[in-house]
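Report on one structure; see the data block that follows.
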Amino acid sequence: MTTTDIPAPAARKPAATAAPKRRLKRESQGPAWVFLSPWVLGAIVLTLLPMAVSLYLSFTDYDLFSPPRWVGLRNYVQMFTEDPRYWRSVLTTLTYVVIAVPLQLALALVVALALKPMRRGKGFYRSAFYAPSLLGASMSIALVWRAVFNDGGTVDNLLGTGGWVNKPGWALLAVALLTVWQFGAPMVIFLAGLQQIPGELYEAAAVDGAGKWRQFLSVTVPMLSPVLFFNLVLQTIQAFQVFTPAFAIGAGKGGPADSTLVYTLYLYDRGFVASHMGYASAMAWVLLIVIGGVTAVLFRTSRSWVFYASEGDR
Amino acid sequence: MTTTTTPVVRKPVAWGRIALHVGCLAALLVMLYPLAWLLATSLKPADEVIASLDLLPSRLEWSNYSTALDGVNDVSIWRLLSNSLLIAGGAVLGNVISCSLAAYAFARLRFRFRGPLFAFMIATIMLPHHAVLIPQYIIFNQLGLVNTYWPLILPKFLATEAFFVFLIVQFMRGLPRELEEAARIDGCGPFRSFFKVVLPLTRPALITTAIFTFIWTWNDFFTQLIYLFDPDKFTLTLALRSFVDASSTSAFGPMFAMSVIALLPIVLFFLAFQRLLVEGMASSGLKG
């Protein structure tokens, strides 16, 4: 940081008033960087540098043992035009995201709305519904899921479906339901958001003759929209990266017939099973761009439906 | 607050409330079923696992647990358990130290590029792990650290989990500045005021960080899957992986006994800290 001593020409003007402040600023710089040093080191060595390297590797053929060989856009071309399993994994992931995220958020919202007016037992329900969010990420529960949805498992006995885990059309639904089952985390955030809504708004709406449904649409939905947006972005990003339940339910290979071969599972397969690190890097970069793109689209559309209360003051 | 003055005469209104409780309890029963199933199956004799439709076993087969205690691939469960504990413990220590240091700088100190760096830190929360995974693997591979615990623990000491930096920043911003200013006047530098004033007050956020780190690391499967191959070095989660391919029902009892053992720490943490976990979740928006 040698450049700190040269002030920009424009900054010279208010020198008389800003000088003591700036000295204070410079004084406290040293300790700040000491506090920040682990993070800076991590950000450079474990985030920025790897991102650059994985971008580079995505244009190479690399198997970990011989040096990377530059192949230009070969990996991308192969991915998009010659690899049906790649598209299969894209489609599987999108299907999973479209099923799991809306269902999970809808359930989270319904339960949060049910718990909100409760006087007794609210704390108990809140904790109990939240528990699966912590347990569900484990391999233990993923194995339970596979057995419960298997041929002869509970769901088969109950619905006579003959076991979803072995049916290509149904196995992904079992994976999605495991995610939906973990609706407690967004539910807790919804509940916290609901409790922030001032009661006067509902009273005013009631005075104006609004029924329960009207109050929900005109008060709850707009007031809750920032929280809804937050949950939507977070759950969508996470859903794109689903791995453990698909691994367990698809017997480690995305089966049956690649029906649970989600994107990250195929990335793992290409990189760490087949040793095509260049190809896996290209997949990782596409995932990065897609998640960035989806997040950007969500942010863009949010302007039309997310309502921030503070905007009214402007 | 007109709603609190309910007249005593109108008792029957409580029906709606009762219906709500019944609905919630019914939903809970469905949700907790997989856990009950897990517990019951871990105690079932082999011939009842699939054949019997009853949830409860006809007799308790404790031998499932003694089989589970023998472990997998000739590695005892104590070994797996201590491996898991070592990794989770190292991750907790790393995250608490490095994230609180970075958070203090972001929340309280002034330095060049603070705005852009903070924005970058927030952006890394959304960064998919896979974008950095392969080069990280290559780095650790070059250093000869694959198949050791370093790749699982070292990144935590470098504050790579921005979630927690953000969580602690938010908490520190809520602390009154006057306390630090008083400490400054009494001659404390930023280091002493961090250790003596700010850190003790940040304890709730640090505990939340520690608990979530423990649970997430304990549950983590992907990172362990790619970095560890020696059965000796396996964690409980990874040992359960060997059951993924096996679909023979004869191993079901011991497999689910082991699953119960693997879940036990999380259940205990949850029971002990449920209030803290739920509040931490609500205030920060962290995913469980």
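Data table
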{"quantity": "Hits in region A:123-164 (condition: of a type in the set (S, T, N, Q) and either in a helix (DSSP H, G or I) or under 27 Å from the mean Cα position of the chain (by Cα) (or both))", "calculated": "A:SER127, A:SER133, A:SER138, A:SER140, A:THR154, A:ASN157"}
{"quantity": "Residues being more than 10 Å from every other protein chain (Cβ to nearest Cβ) and open to solvent by less than 10 Å² (accessible area, probe 1.4 Å) - total across region A:266-278", "calculated": "1"}
{"quantity": "Inter-residue pairs, beta-carbon under 7 Å, first within 14 Å of B:PHE212 (Cβ to Cβ) and of a type in the set (Val, Ile, Thr) and in region A:131-143, second open to solvent by less than 10 Å² (accessible area, probe 1.4 Å) and not in a helix (DSSP H, G or I), 6+ apart", "calculated": "none"}
{"quantity": "Those residues of region B:15-72 which are among the polar types (S, T, N, Q), within 13 Å of another protein chain (Cβ to nearest Cβ) and either open to solvent by 50 Å² or more (accessible area, probe 1.4 Å) or not in a helix (DSSP H, G or I) (or both), in sequence order", "calculated": "B:SER42, B:SER52"}
{"quantity": "Candidate set: region A:162-192, residues that are open to solvent by 10 Å² or more (accessible area, probe 1.4 Å) and not hydrophobic (A, V, I, L, M, F, W, C); chosen: the one nearest to the other protein chains (Cβ to nearest Cβ)", "calculated": "A:GLN182"}
{"quantity": "Sole exception among (1) more than 8 Å from chain B (Cβ to nearest Cβ); (2) crowded, with 18+ Cβ neighbours inside 10 Å; (3) out of contact with any Phe, Trp or Tyr (no Cβ under 9 Å at 6 or more places or on another chain); (4) in a loop (DSSP other than H, G, I, E, B) for A:THR260, by number", "calculated": "(3)"}
{"quantity": "Enumeration of residues in region B:171-230 that are within 22 Å of B:LEU93 (Cα to Cα) and in a loop (DSSP other than H, G, I, E, B)", "calculated": "B:THR202, B:ASP220, B:PHE221, B:LEU228"}
{"quantity": "Index of the failed condition, B:PHE120 passing every other in (1) within 27 Å of the chain's Cα centre (by Cα); (2) more than 30 Å from A:LEU267 (Cα to Cα); (3) among the aromatic types (Phe, Trp, Tyr)", "calculated": "(2)"}
{"quantity": "Residue check for B:PHE140: modelled with pLDDT of 90 or more, surrounded by fewer than 18 Cβ atoms within 10 Å (Cβ to Cβ), under 17 Å from A:VAL45 (Cα atoms) and within 11 Å of another protein chain (Cβ to nearest Cβ)", "calculated": "no"}
{"quantity": "Filter result (modelled with pLDDT under 80 and either outside any helix (DSSP H, G or I) or more than 9 Å from chain A (Cβ to nearest Cβ) (or both)) within region B:250-283", "calculated": "B:SER250, B:ALA251, B:GLY280"}
{"quantity": "Flag for A:GLN235 being within 19 Å of the chain's Cα centre (by Cα) and in a helix (DSSP H, G or I)", "calculated": "yes"}
{"quantity": "Filtered residue count, region A:66-119, keeping only those that are more than 14 Å from every other protein chain (Cβ to nearest Cβ), open to solvent by 50 Å² or more (accessible area, probe 1.4 Å) and part of a loop (DSSP other than H, G, I, E, B)", "calculated": "1"}
{"quantity": "Residue among A:LEU57, A:LEU46 that is over 30 Å from A:PRO256 (Cα atoms), without any contact (Cβ under 8 Å) to a residue 60 or more places away in the chain and surrounded by 18 or more Cβ atoms within 10 Å (Cβ to Cβ)", "calculated": "A:LEU46"}
{"quantity": "Of all residues in region B:100-117 being touching a Pro at 6+ places or on another chain (Cβ under 9 Å) and either among the small types (Gly, Ala, Ser) or more than 8 Å from chain A (Cβ to nearest Cβ) (or both), the one that is farthest from A:SER37 (Cα to Cα)", "calculated": "B:ARG108"}
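The values are calculated or read from the model by the stated rules, or taken from the named source; none is laboratory data. Model, not experiment: these values are computed from the prediction. We place every Cβ from the backbone using ideal geometry, glycine too, and count neighbours over all the protein chains shown. Just the protein is used for accessible areas: all its heavy atoms, side chains included, with ligands, DNA and RNA removed. Shrake-Rupley method; radii C 1.70, N 1.55, O 1.52, S 1.80 Å.
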